[in-house]
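Comments concern the structure below.
The values are calculated or read from the model by the stated rules, or taken from the named source; none is laboratory data. Worth saying up front: this structure is predicted, and the values here are computed from it rather than measured. For neighbour counting, all protein chains shown are included, and Cβ atoms are generated from backbone atoms with ideal geometry for every residue, glycine included. Surface areas here come from the heavy atoms of the whole protein model, side chains and all, with no ligands, DNA or RNA. Shrake-Rupley method; radii C 1.70, N 1.55, O 1.52, S 1.80 Å.
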Amino acid sequence: MAPRPTLARRLLVAALAVAMTVVAVLTAAAAEAPSWQHVPVPAQVRPQSGLNEAAAFGPDRAWAVGADAVGREAPGFPLVLRWDGTAWQRQSLPGIRWQGELLSIAGTSPATLWAVGRDSAGGSRLLRFDGKSWRDSRPPAGVRLDKVVAGGGETWLIGGRDGGAALLRWDGRAWQDLPVPPGAVYGLHIKAADDVWAAGAANDGAAVAHWDGKAWQQTQVDGFPRSAVGSILAVSPTEVWAGGTGGFVGGPPGKPIPPLLVRFDGQSWNRVRIPADFGGITSLVPGASGELGWIAVARSLKWGPPGSTPPLIPGPDFLAWNGQSFAEHSEPVVAGEGDSSSLRLAAVPGTATVWSVGRAGGPEGTFAPRILRFG
């Protein structure tokens, strides 16, 4: 008769079984951890194309704009792509004959979209989508358009006029001029007609301004020469984020510039350190709850270990914020292409899904459109 196992032995076996189960669960979870994935562009998109910005309204409703066939049929043609929930499709642009590119896209709904562009002669172009088709719309006279921004039921244009900044608001029938804060305006977050945050730069460095419907109140958020912020996210009156570049020119080979991230707590603006030493913050987007979710850092670099050659190593392309700290993410490797040279984020409202569009390095000095998705 075989001896019965002792109580201690049975406890040891049970403990080992539990430990092995935990390891298996953790390993499976790690293997399934979400990451950024490459999403192909439509086959109709020709070589030497690039994307500049995206807008998303739902899991099956997103748009991206840029330029197609740049350099081959210079200066290229305006490009609009649409996500239908399964794949990106190229959109027809009937009646639009000019050459150039689309720089920015935004809208208050999937049936009311605007896109800002620039033609081969440097003239501003404005397209409007009515839910069925894209058409040319007359741009405001005398304004160089750079960007369209929507939010809170509002649509505004950012541009320039006579060497200074210009802001215009769509009133439902026409574009109306608005006062502008001192200096340059590069980005907006519109919460309502009387609650707008502007990111830019003034004479002494990066600046953020708030519009209350009557006047702008501007605050310098970084005093280093040539610093600027171009992306801004207003979570609440006591939590506003702005990102850009620190403006420093010099240092290691290539003379990279450090990123700049600042946060407003309702009383003052404070600089927030991120795990990247060089690069530029190009996008801030909310997560599913409306809090800051993601930051994109273009041309991100870090200092390598002391004495390393080269002295700099790649840094994170994306940073996920959990309310306390940042998690680092890198874009996936795409066969036959290099890294992205620009990263513009578009969050899908109410979800954890985020799009990134831009352009990546191609063979022999060319470039290619890049679309990435998280979630």
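General observations
- Scanning the range 117-128 for residues that are out of contact with any Lys or Arg (no Cβ under 7 Å at 6 or more places or on another chain) and open to solvent by 70 Å² or more (accessible area, probe 1.4 Å) yields SER120, ALA121.
- Test: ALA62 is modelled with pLDDT under 85 and either open to solvent by 10 Å² or more (accessible area, probe 1.4 Å) or touching a Leu at 6+ places or on another chain (Cβ under 9 Å) (or both): no
- Where LEU81 falls short, out of the listed (1) modelled with pLDDT under 95; (2) surrounded by 15 or more Cβ atoms within 10 Å (Cβ to Cβ): (1)
- Test result for VAL70, within 18 Å of the chain's Cα centre (by Cα) and among the aliphatic types (A, V, I, L, M): no
- Filter pass, ARG263 being open to solvent by 60 Å² or more (accessible area, probe 1.4 Å) and at positive phi: no
- Just so you know, in the range 85-100 the residues that are farther than 24 Å from GLY375 by Cα and in contact with a Lys or Arg (Cβ under 6 Å, 6 or more places away or on another chain) include one that is surrounded by the fewest Cβ atoms within 10 Å (Cβ to Cβ), and it is GLN91.
- The condition (being within 28 Å of GLY287 (Cα to Cα), modelled with pLDDT of 95 or more, open to solvent by less than 10 Å² (accessible area, probe 1.4 Å) and assigned to a strand (DSSP E or B)) is satisfied by just one residue among VAL221, VAL240, VAL235: VAL240.
- Here GLY131 fulfils each of the conditions (1) farther than 21 Å from ARG97 by Cβ; (2) surrounded by 20 or more Cβ atoms within 10 Å (Cβ to Cβ) apart from (2).
- Hits in the range 173-196 - residues which are more than 22 Å from THR112 (Cα to Cα) and either outside any strand (DSSP E or B) or open to solvent by less than 40 Å² (accessible area, probe 1.4 Å) (or both): PRO179, VAL180, PRO181, PRO182, GLY183, ALA184, VAL185
- The residue of the range 288-300 that is nearest to the chain's Cα centre (by Cα), among those that are open to solvent by 50 Å² or more (accessible area, probe 1.4 Å) and in contact (Cβ under 8 Å) with a residue 24 or more places away in the chain, is ARG299.
- In the range 243-278, the residues that are at pLDDT 95 or above and either in a strand (DSSP E or B) or in contact with a helix residue (DSSP H, G or I) (Cβ under 8 Å, 6 or more places away or on another chain) (or both): GLY243, GLY244, THR245, PRO259, LEU260, LEU261, VAL262, ARG263, PHE264, TRP269, ASN270, ARG271
- Qualifying residue in the range 197-220 (condition: among the aliphatic types (A, V, I, L, M) and under 25 Å from ALA64 (Cα atoms)): yes
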